[in-house]
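I have placed the structure first, in the form of structure tokens, so that the comments after it can refer back to it.
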Amino acid sequence: MKLQQLRYIWEVAHHDLNVSATAQSLYTSQPGISKQIRLLEDELGVEVFARSGKHLTRITPAGETIIRESGEILRRVEGIKKIAQEFSNQRRGDLSIATTHTQARYALPPIIRGFIEAYPEVSLHMHQGTPMQISEMAATGAVDFAIATEALELFSDLIMMPCYRWNRCIIVPREHPLTQLKELTLKDVAEYPLVTYVFGFTGRSKLDEAFQEAGLTPKVVFTAADADVIKTYVRLGLGVGIVARMAIDEVTDKDLVALDARHLFKPSTTQIGFRKGTFLRGYMYDFIQRFAPHLTRDLVEAASHRTNRVELDELFKDIELPIH
């Protein structure tokens, strides 16, 4: 059994059983991958993949377990490489982050700029996706960190740490009737068509909860994962926008009015998460603290030794989070 064979079955399973696409991503040949998978199956005495002719059709029950264990082995190998790199060159390596558009566009730019200036030999890779995709990437070890507001708690393999709290604002064109009100209410907002985030994105659940608790059923006419897209359609007169307050740019959004909505919705918390058992290199601790200054190395190490969500909540219960 070879590590290369384990990597092949893992990658094929995560390329929708497409051996050709796997070969392309690994810069190798399709026949070579197929041969190594067959050799592994012959050695193990079981099929990892069911076939129809030359095509892989599904993962067998035995294959499901073998692939899962292969993933663990490959992650441990990567961990050993990181340990060696940390002792050989502490300022050279890779850092992969998965996050949403709002974080990538509004929260992370100054952090990443400072980090790259401090660590020019670290290659930083950013992946964007839904909160569920982001969490899954971190849980499987495909990325080092996941940064999101929702879905992280659904994955028990993640160590999640609170970074900051934030709330929303109502955005409308200038001269909109809502700008004339002395105090904005949910009822006032619900009288207009709404343009906001897709469910599962950027604290959307808090927004829905607020309207439900008030007994209101707003008419959501357009949703998007991207705050910039939402603002575009507010400008077109499609409806009243609800976005994260951090998504308002005082320069580019001068044509819009941002109305304070902190009294209408409960705040949300952005978290950073990494897979349990991950070896964090020195520059990774530094990145975390640049993003959330209260998350010192000692606190992150303490969090990594917590075994469940209750213990993590207890660790962070007395920390006053910054508000963005």
message: Using Cα springs under 10 Å in a Gaussian network model of the chain, which residue among Q128, Q85, Q24 shows the largest mean-square fluctuation?
response: Q24
query: G239: net charge of surrounding residues, Cβ under 13 Å, Lys/Arg +1, Asp/Glu -1, itself excluded?
result: +2
field: Taking the C-alpha atoms of the range 173-293, convex hull volume expressed per residue in Å³
entry: 140
Per residue solvent-accessible surface (Å²) - the chain, probe of 1.4 Å: 52
- prompt: Which value in deg cm²/dmol, rounded to the nearest 500, describes the helix-derived mean residue ellipticity at 222 nm for the chain, given -39,500 (n - 2.57) per DSSP H run of n ≥ 4 and division by the residue count?
  reply: -12000 deg cm²/dmol
- line: Sorting V300, V198 on solvent-accessible surface, 1.4 Å probe, most exposed first, gives V198, V300
HN-Hα J in Hz across the range 161-170 - Karplus 6.51, -1.76, 1.60, θ = phi - 60°, x for Gly and Pro: 10, x, 9, 7, 9, 8, 9, 10, 9, 9
field: Extended-chain gain in nm, criterion 0.36 nm per residue less alpha-carbon gap, Q128 and A21
entry: 36.4 nm
field: Pairs beyond 25 Å (Cα-Cα), from K2/K81; K206/K276; K182/K219; K82/K276
entry: K206/K276
- request: Return the long-range amide H neighbours of G93 (sequence gap of 5 or more, or a different chain), with a cut-off of under 5 Å between placed amide H atoms.
  value: V122, S123
- prompt: Tilt of helix 3-13 relative to the longest C-alpha principal axis of the chain, in degrees (0 to 90, nearest 10)?
  reply: 50
- request: Extending each Cα 7 Å along its Cβ direction at V310 and D260, get the distance between those two points in nm, one decimal.
  value: 3.9
Label point distance in nm, T185-R68, each placed 7 Å from Cα along Cα→Cβ: 5.3
query: Ignoring any ligand, DNA or RNA, what whole percent of the accessible area of the chain comes from carbon and sulfur when the probe is 1.4 angstrom?
result: 51
query: Starting at 0 and stepping by 5 Å, how many percent of the alpha carbon pairs of the range 76-210 end up in each bin?
result: 2, 8, 14, 17, 15, 14, 10, 7, 6, 3, 2, 2, 0
- prompt: For the chain, what is the percent of antiparallel DSSP beta bridges, rounded to the nearest 5?
  reply: 60
- prompt: Pick from D144, D253, D286: which residue has the top mean-square fluctuation in a GNM of the chain where Cα pairs under 10 Å get a spring?
  reply: D253
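The values are calculated or read from the model by the stated rules, or taken from the named source; none is laboratory data. Given the structure is predicted, the values throughout are model-derived calculations rather than measurements. Virtual Cβ from ideal backbone geometry, glycine too; neighbours counted across all protein chains shown. The protein model used for the area step is the full one, side chains on, heavy atoms only, and it has no ligands, DNA or RNA in it. Shrake-Rupley method; radii C 1.70, N 1.55, O 1.52, S 1.80 Å.
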